[in-house]
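Here's the structure we're looking at; comments come further down.
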Amino acid sequence: MKLRPEEISSIIKQQIEAYGVRAKTDDTGYVLQSGDGIARIYGLENAMSGELLQFENGIYGMALNLEEDNVGCVVLGDAEDIKEGSSVKRTGRTVEVPVGNALIGRVVNPLGIPLDGKGEIKTDKFRSMDFTAPGVVDRKSVNKPLQTGIMAIDSMIPIGRGQRELIIGDRQTGKTAIAIDTIINQKGKDVICIYVAIGQKASTVAGIVNTLEQFGAMDYTIVVASTASELASVQYIAPYAGCAMAEEFMYNDHKDVLIVYDDLTKHAVAYRAMSLLLRRPPGREAFPGDVFYLHSRLLERSARLSDELGGGSITALPIIETLAGDVSAYIPTNVISITDGQIYLESELFFAGQRPAVNVGLSVSRVGGSAQIKAMRKVAGPLRINLAQYRELAVFAQFGSDLDKATRDKLIQGERLVETLKQPQYATLPVEDQVIVLYAATNKYLMELPVKEVRKFNSELVKFFRDRYPQVPESIIATGELKPETEELLKKGIEEFKADFIR
């Protein structure tokens, strides 16, 4: 970039003033241009990419563009006082965030500054936002389930600790609801949760924090909030800040962490805004060429560590918003290719009353049954194929032609399976209760019930087993299996309850 005459006036002044004095050109520079959260700086010859820079008014910035005669820097705060000629110092370190147990239960911005009015965060631990993802040798296969408490997901699209499972769908289809339910369901399971809000409305973030407090989930949760009113640079660093906080628990405390990025579409848009202001060449949909690397270097940091490194894990639930169900757009295809599966939510299912609105045909978990307990694997095995057959037959059945008994039975069972998988928000189910409900549904115990009675039957069935046959859920929790004697007791209990229910 060629310097214009008006841009070098401040440099000439500084050089006249410092004539004869050996100035440190590598450690101090001067602002050439400032505006839109971007500053161009002259004189920082040895600045590193991603280095933290300090302006004379105390505001920090991050060096991103290292050009021949200037440094392009994004400002991480109020840029109003940054004028042409302001001095800038190198700090010699990359952008860091406070980490540790002091952050649990708090709402902070991506720089670790509290937003909840509960006083300052007392911690002396800091971590760099950008950290190299663990290598292949440092990882272990994903085989321990992370229960969401949502039956449709735990049975057919299971999530394991250390997995990256994408939640994708149009706006207002329940993407955040699934993530919040999963956080609520981690109560008492020794999992630290981090919710990263990127470009959300402040009122939306406040509502989520209130919900988490109401269900006692803030006792093990950190909320990292960069609202829509913040600079693009602050929204850009938010997921990296959240990931650095998670890595502290994984690497040093050897804990399991769940992190939700809500949502990475807004993150990519913030990065695009920054990149265009920094004059980086635009590519497809005006995104810069490295937008794939932007998300891959973030999501690859989620892993299950090997036993030699302590065996902690980070499970990531990135959220992507599509437009009119277009999963072939640039950002959705990028993130689908990075993650270990996706939960696809559909507007049509949502408006048809199926909540959560999971399209089982398009959703997949690439970890599969290895992230389920054996009992769940056994009862959920036929579920996906039964639902697929039901959907296929339902299309023909609407023409009202005469159907044989086998086809009618499939339709009757399919209707009841769909009804069983409906679940209201904040009503998560423990895995042992899910096994009992799904066993009854897949083994045709609901065939004689009217469809509208199915959900009542299921909720009362769980209570019945808790009261009368507590050894069934206890055995499922203790062994993770559905042993023959437990299964016999389960059959006996369902038949006994069903006889009372129908009467």
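The values are calculated or read from the model by the stated rules, or taken from the named source; none is laboratory data. No experiment lies behind these values; they were computed from the predicted model shown. Note that we place each Cβ from the backbone using ideal geometry, even for glycine, and neighbour counts take in every protein chain shown. Please note that ligands, DNA and RNA were not included when accessible areas were found on the heavy atoms of the full protein model with its side chains. Shrake-Rupley method; radii C 1.70, N 1.55, O 1.52, S 1.80 Å.
Does ASP154 meet the test of being among the acidic types (Asp, Glu), touching a strand residue (DSSP E or B) at 6+ places or on another chain (Cβ under 9 Å) and surrounded by 17 or more Cβ atoms within 10 Å (Cβ to Cβ)? Give the derivation first.
Details: among the acidic types (Asp, Glu): yes; touching a strand residue (DSSP E or B) at 6+ places or on another chain (Cβ under 9 Å): yes; surrounded by 17 or more Cβ atoms within 10 Å (Cβ to Cβ): yes.
When the stated conditions are applied, ASP154 passes them.
Filtering region 165-222 down to residues that are touching an Asp or Glu at 6+ places or on another chain (Cβ under 8 Å) and acidic (Asp, Glu), which residue is nearest to ALA324 (Cα to Cα)?
So the residue we want is ASP170.
Read through the list (1) open to solvent by less than 50 Å² (accessible area, probe 1.4 Å); (2) assigned to a loop (DSSP other than H, G, I, E, B); (3) under 14 Å from ILE168 (Cα atoms), then give the number of the only condition that LEU362 fails.
The number of the failed condition is (1).
Would you mind listing the strands (runs of 3 or more DSSP E) fully within region 51-99 where at least 1 residues are farther than 20 Å from LYS13 by Cα and open to solvent by less than 10 Å² (accessible area, probe 1.4 Å)?
Numbers: elements: 51-55, 60-66, 71-75, 87-94, 96-98.
Here the list reads 51-55, 60-66, 71-75, 96-98.
Surrounded by 15 or more Cβ atoms within 10 Å (Cβ to Cβ), in contact (Cβ under 8 Å) with a residue 40 or more places away in the chain, part of a loop (DSSP other than H, G, I, E, B) and in contact with a Ser or Thr (Cβ under 7 Å, 6 or more places away or on another chain): is that true of ALA47 in this structure? Quick ask: steps written out before the conclusion?
Numbers: surrounded by 15 or more Cβ atoms within 10 Å (Cβ to Cβ): yes; in contact (Cβ under 8 Å) with a residue 40 or more places away in the chain: yes; part of a loop (DSSP other than H, G, I, E, B): yes; in contact with a Ser or Thr (Cβ under 7 Å, 6 or more places away or on another chain): no.
It is false that ALA47 is surrounded by 15 or more Cβ atoms within 10 Å (Cβ to Cβ), in contact (Cβ under 8 Å) with a residue 40 or more places away in the chain, part of a loop (DSSP other than H, G, I, E, B) and in contact with a Ser or Thr (Cβ under 7 Å, 6 or more places away or on another chain).
How about region 365-411: which of its residues are surrounded by fewer than 16 Cβ atoms within 10 Å (Cβ to Cβ) and aromatic (Phe, Trp, Tyr)?
PHE396, PHE399
Tell me yes or no: at least one residue of region 326-335 is under 24 Å from ASP290 (Cα atoms), in contact with a helix residue (DSSP H, G or I) (Cβ under 6 Å, 6 or more places away or on another chain), polar (S, T, N, Q) and part of a helix (DSSP H, G or I). Full working, then the answer.
Our first condition is that a residue be under 24 Å from ASP290 (Cα atoms); within region 326-335, this holds for 326-335.
Restricting the remaining residues to those that are in contact with a helix residue (DSSP H, G or I) (Cβ under 6 Å, 6 or more places away or on another chain) gives 330-331, 334-335.
Checking the rest, the ones that are also polar (S, T, N, Q) come to 334.
Still in the running and part of a helix (DSSP H, G or I): 334.
Yes - at least one qualifying residue is present in region 326-335.
Cβ-Cβ below 6 Å, separation at least six or inter-chain, first residue in region 421-435 and farther than 17 Å from ARG384 by Cβ and open to solvent by 20 Å² or more (accessible area, probe 1.4 Å), second of a type in the set (D, E, K, R) and assigned to a helix (DSSP H, G or I): which pairs?
From residues that are farther than 17 Å from ARG384 by Cβ and open to solvent by 20 Å² or more (accessible area, probe 1.4 Å), the pairs are THR428/ASP181.
Keeping to region 108-126, report how many residues are touching a helix residue (DSSP H, G or I) at 6+ places or on another chain (Cβ under 6 Å) and crowded, with 20+ Cβ neighbours inside 10 Å.
Here is the first cut: in region 108-126, the ones touching a helix residue (DSSP H, G or I) at 6+ places or on another chain (Cβ under 6 Å) are 110, 121-123.
Adding the requirement that they be crowded, with 20+ Cβ neighbours inside 10 Å leaves 110.
So the count comes out to 1.
Would you confirm whether or not region 376-389 contains a residue that is over 21 Å from GLY149 (Cα atoms), touching a helix residue (DSSP H, G or I) at 6+ places or on another chain (Cβ under 8 Å) and of a type outside the set (A, V, I, L, M)? Can you show your working first?
At the first step, the residues of region 376-389 found to be over 21 Å from GLY149 (Cα atoms) are 385-386, 388-389.
Next, only the ones that are touching a helix residue (DSSP H, G or I) at 6+ places or on another chain (Cβ under 8 Å) stay: 386, 389.
Subset that is of a type outside the set (A, V, I, L, M): 386, 389.
Checking region 376-389: at least one residue is over 21 Å from GLY149 (Cα atoms), touching a helix residue (DSSP H, G or I) at 6+ places or on another chain (Cβ under 8 Å) and of a type outside the set (A, V, I, L, M).
In region 297-325, which residues are assigned to a loop (DSSP other than H, G, I, E, B), open to solvent by less than 10 Å² (accessible area, probe 1.4 Å) and over 15 Å from ARG161 (Cβ atoms)?
THR322
Counting just the residues of region 326-337 that are touching a Ser or Thr at 6+ places or on another chain (Cβ under 8 Å) and surrounded by fewer than 19 Cβ atoms within 10 Å (Cβ to Cβ), which one comes out farthest from LYS266 (Cα to Cα)?
The selected residue is VAL327.
Within the bounds of region 196-207, is there any residue that is part of a loop (DSSP other than H, G, I, E, B) and within 23 Å of PRO430 (Cβ to Cβ)?
Step one: of region 196-207, the residues part of a loop (DSSP other than H, G, I, E, B) are 201.
Cutting the leftovers down to within 23 Å of PRO430 (Cβ to Cβ) gives us none.
Scanning region 196-207 turns up no residue that is part of a loop (DSSP other than H, G, I, E, B) and within 23 Å of PRO430 (Cβ to Cβ).
When both residues are 6+ apart or on different chains and their Cβ atoms are under 7 Å apart, which pairs have a first residue that lies in region 193-219 and is farther than 15 Å from ALA238 by Cβ, and a second that is of a type in the set (Gly, Ala, Ser) and open to solvent by 10 Å² or more (accessible area, probe 1.4 Å)?
So the pair list comes out as MET218/GLY105; ASP219/GLY105.
Those residues that are in a helix (DSSP H, G or I) and β-branched (Val, Ile, Thr), I need them from region 365-380; list them, please. Show your work before the answer.
Filtering region 365-380 down to residues in a helix (DSSP H, G or I) leaves 368-371, 374-380.
Of everything in region 365-380, just one residue is in a helix (DSSP H, G or I) and β-branched (Val, Ile, Thr), namely VAL379.
Could you please find all residues in region 476-494 being open to solvent by less than 90 Å² (accessible area, probe 1.4 Å), in contact (Cβ under 8 Å) with a residue 24 or more places away in the chain and either aliphatic (A, V, I, L, M) or not in a helix (DSSP H, G or I) (or both)?
Once the filter is applied, which keeps residues that are open to solvent by less than 90 Å² (accessible area, probe 1.4 Å), in contact (Cβ under 8 Å) with a residue 24 or more places away in the chain and either aliphatic (A, V, I, L, M) or not in a helix (DSSP H, G or I) (or both), region 476-494 yields ILE476, GLY480, GLU481, LEU482, LEU490, ILE494.
Please count how many residues of region 251-296 are under 23 Å from ILE38 (Cα atoms), not in a helix (DSSP H, G or I) and not acidic (Asp, Glu).
Selection size over region 251-296: 9.
Mind listing just one residue for me: the one in region 214-241 that is of a type in the set (Gly, Ala, Ser) and open to solvent by 10 Å² or more (accessible area, probe 1.4 Å) and, of those, farthest from ARG297 (Cα to Cα)?
Step by step, filter region 214-241, then rank; the result is GLY216.
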